[in-house]
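The values are calculated or read from the model by the stated rules, or taken from the named source; none is laboratory data. Note that the coordinates shown come from a computational prediction; the quantities given were computed from them, not determined experimentally. A quick note on method: Cβ atoms are made from the backbone with ideal geometry, for glycine too, and the neighbour counts reach across all protein chains shown. Surface accessibility is based on the protein's heavy atoms, side chains included, excluding ligands, DNA and RNA. Shrake-Rupley method; radii C 1.70, N 1.55, O 1.52, S 1.80 Å.
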Amino acid sequence: YDNLHLTAGAYQAWAKEICQYLQEDEDYTVSCVYPENTLTVQNRGGLSNASHGMRATYFSCLPISTNDVLVFGDSFIKNGEWQELLGNPNVKNRGTGWGNSGDIATTSKIVDATFAEVEGVTKESPKAILLYTGTGDCTGSTDMETVKANYKALVDKILQKSPNSIVYLLTLCFRNNESHNKRIEELNGYMAGFPMKYANLRFVETGKQLLNNGEMDSKYIFSNDYIGGLAYVKIANLMKTALLADFPQDTYNVIDDAT
């Protein structure tokens, strides 16, 4: 869209070339999962931003199975290698583009693209969806009642598009900014009321798990508000605990964050 960032059609071309080499090795059985007409059917969910829109296109052309665990959210999610962090190939990253914030509106459009009906692509209801978004809204100036209404609209959309999924609402990490943190705490508190109203919603307290004496522990966060590897491992363990409560037959191999 900006003559730089690749869309699903371009990644399909790369995948085909790579598959040719992998298929020469007897140890590999691989195939390109994109449909043959990816370039003409890809969907960007209405996103005009290049980094977000290009990610939306290949999410739209990737299949979804009933065994999948989709992880939606802002750049916090995008920057996490969740499949490896959780040690489970069914975990799929559906985070937005880069930056150190992200907003509900962009995540909502990524959801639209992911579940869009695309010719040649099988879209089933994943067994689980994890959602982490709203940082950009809380660090902005939008009225908090509007932010909460937008968050509820996104949750309702996910439940409508994937009614058979268990949906986990992950609370936001705090920042190095007191005024932003007050707004984050308000949105996190709003999330906590959802599971009492919806049978297939779960509330997962992640933000407070990274605090030390009421502030973000310096071992988890950098001065620019990006979180580091230890924080990702901590969050992955919290995800694992939440998922196993509903899917005890699953296998998740996460590094022990205490070591």
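The range 65-167 holds no helices (runs of 4 or more DSSP H) entirely within its bounds that carry 2 or more residues that are open to solvent by less than 60 Å² (accessible area, probe 1.4 Å), farther than 30 Å from Ser179 by Cα and touching an Asp or Glu at 6+ places or on another chain (Cβ under 9 Å). Among the residues of the range 155-173, the ones that are more than 16 Å from the chain's Cα centre (by Cα) and under 19 Å from Glu145 (Cα atoms) come to 1 in all. Say whether the condition of being assigned to a loop (DSSP other than H, G, I, E, B), open to solvent by less than 70 Å² (accessible area, probe 1.4 Å) and out of contact with any strand residue (DSSP E or B) (no Cβ under 8 Å at 6 or more places or on another chain) is met by at least one residue in the range 180-191. No, the range 180-191 contains no residue that is assigned to a loop (DSSP other than H, G, I, E, B), open to solvent by less than 70 Å² (accessible area, probe 1.4 Å) and out of contact with any strand residue (DSSP E or B) (no Cβ under 8 Å at 6 or more places or on another chain). Listed by first and then second residue, the pairs with beta-carbon distance under 9 Å, at least 6 apart or on different chains, first residue in the range 82-94 and farther than 19 Å from Ser125 by Cα and in contact (Cβ under 8 Å) with a residue 12 or more places away in the chain, second open to solvent by 40 Å² or more (accessible area, probe 1.4 Å) and charged (D, E, K, R), are Trp82/Lys92; Leu86/Lys240; Gly87/Lys240. Just so you know, in the range 41-98 the residues that are under 15 Å from the mean Cα position of the chain (by Cα) and among the basic types (Lys, Arg) include one that is farthest from Val167 (Cα to Cα), and it is Arg55. Output yes when any residue across the range 233-251 is open to solvent by 80 Å² or more (accessible area, probe 1.4 Å) and charged (D, E, K, R), and no when none is. No: zero hits. Within the range 228-241, residues that are under 16 Å from Lys78 (Cα atoms) and hydrophobic (A, V, I, L, M, F, W, C) reach partners that are part of a helix (DSSP H, G or I) and open to solvent by less than 30 Å² (accessible area, probe 1.4 Å) with beta carbons closer than 9 Å, at six or more positions or on different chains, in the pairs Ala231/Leu210; Ile235/Phe76; Ile235/Leu210; Ala236/Trp82; Ala236/Leu86; Met239/Trp82; Met239/Leu86. For the range 203-229, filtering for residues that are among the hydrophobic types (A, V, I, L, M, F, W, C), open to solvent by 50 Å² or more (accessible area, probe 1.4 Å) and at pLDDT 90 or above leaves 2.
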